[in-house]
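Each remark here refers to the structure printed beneath this line.
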Amino acid sequence: MKKPSNKFVLVFTGTVVAIFLCLAYSYYIEPRRLVINRSELRVKNWNPAFDGLKIAMIGDIHGGSNAVDNAKLNEIVQRTNAEEPDFIVLLGDYVSQTANQKPPNLKMPMSEIADGLSGLKARYGVYAVLGNHDGRYCDDCVRTELTRVGYQVLENDVAMIEKDGYRLRIIGLPDHLKIAGWSDFSNNAKQKLVPTDGLGDVIALEHSPDVLPVITGSLSISPDLKVILAAHTHGGQVWLPIFGTPIIPSSYGQKYSYGHIRENNVDMFVTSGIGTSILPIRFMMPPEIVMLTIKTE
């Protein structure tokens, strides 16, 4: 048998070491980071009264998942408040379940997660929606705990913000797994998504970006609906040069995986969120708080 060349041995050894270092980084280091992603979203026909509106987006906390402990929850609160947002949105999946247990146990009690998140402050309040992991555990339990610490949970509900005599409506939509089609929206939600009598622009909160084509493709959408804010994808948790994000929990592949998407005159922004799910790693897709400033295009 021919002896491997020194060059081959060096390349093979270097590759193995590089893979090991990347895996170590993706497990021990990147999930422990927390970045502030300051982004600007220019929206067509956005009400000038709300020009410069600053929204803090926090998604997929998954309390108890890798590196998401009480210290991380406290850091989320402190760093979000330091940005002085106009309002804060919590975009679902607060809990994390242990694998291979029926019924699944939580890695961190929801009461502890809510206590850790308490103290978020914003001029117009804190609004939350529920995600698929919350539903798998207990929607009512999650809703009760978030309400207990003073946050408004919206599911087919609308909150109103007023400034200088103008209104901005915030609607919370059900998790995408509860929405197979337009008929699954409540009448309350439909009234806010179809053409109205000019009660003000609408921002929709939804756990998963997969709701976008359901809304925009099912009817003549209201011009009042300007922005959808979503999470769920984790940005794939792993981003690789050339390949992008190999695994995305979306029916549309990488199309709605992360960041700004404009479709059918509706702008959507998707955050990579905080925690991890299935695999306890992140690579080139660190935990983030998005500070989204909306301006008129």
(message) Could you check region 129-164 and list, in sequence order, the residues that are outside any helix (DSSP H, G or I) and touching a residue at least 60 places away in the same chain (Cβ under 8 Å)?
(response) Val129, Leu130, Gly131, Tyr151, Ile161, Lys163, Asp164
(request) Test Ile29 against the criterion of being of a type in the set (Val, Ile, Thr), more than 22 Å from the chain's Cα centre (by Cα), modelled with pLDDT of 75 or more and open to solvent by 40 Å² or more (accessible area, probe 1.4 Å), and give yes or no. (result) no
(message) Yes or no: region 4-13 includes at least one residue that is of a type outside the set (A, V, I, L, M, F, W, C), within 27 Å of Val238 (Cα to Cα) and not in a loop (DSSP other than H, G, I, E, B).
(response) yes
(request) Looking at (1) in contact (Cβ under 8 Å) with a residue 24 or more places away in the chain; (2) charged (D, E, K, R); (3) open to solvent by 20 Å² or more (accessible area, probe 1.4 Å), find the lone condition where Arg262 falls short. (result) (1)
(request) Would you tally the residues in region 224-246 being assigned to a loop (DSSP other than H, G, I, E, B), open to solvent by 10 Å² or more (accessible area, probe 1.4 Å) and within 20 Å of Ile88 (Cβ to Cβ)? (result) 1
(request) Identify, by number, the condition in (1) without any contact (Cβ under 8 Å) to a residue 12 or more places away in the chain; (2) surrounded by 16 or more Cβ atoms within 10 Å (Cβ to Cβ) that Leu106 doesn't meet. (result) (1)
(request) Taking the residues in region 40-67 that are outside any loop (DSSP other than H, G, I, E, B), of a type outside the set (A, V, I, L, M) and open to solvent by 10 Å² or more (accessible area, probe 1.4 Å) as candidates, determine which candidate is farthest from Arg282 (Cα to Cα). (result) Pro48
(request) Mind telling me which of the residues Ser183, Ser208, Ser220 ends up being among the hydroxyl-bearing types (Ser, Thr, Tyr) and either in a strand (DSSP E or B) or modelled with pLDDT of 90 or more (or both)? (result) Ser208
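The values are calculated or read from the model by the stated rules, or taken from the named source; none is laboratory data. For clarity, every value in this text was computed on a predicted model and none was experimentally measured. Quick reminder, even Gly has a Cβ in these numbers, built from the backbone with ideal geometry, and neighbours come from all protein chains shown. We work out accessible area using only protein heavy atoms, side chains counted, and drop any ligands, DNA or RNA first. Shrake-Rupley method; radii C 1.70, N 1.55, O 1.52, S 1.80 Å.
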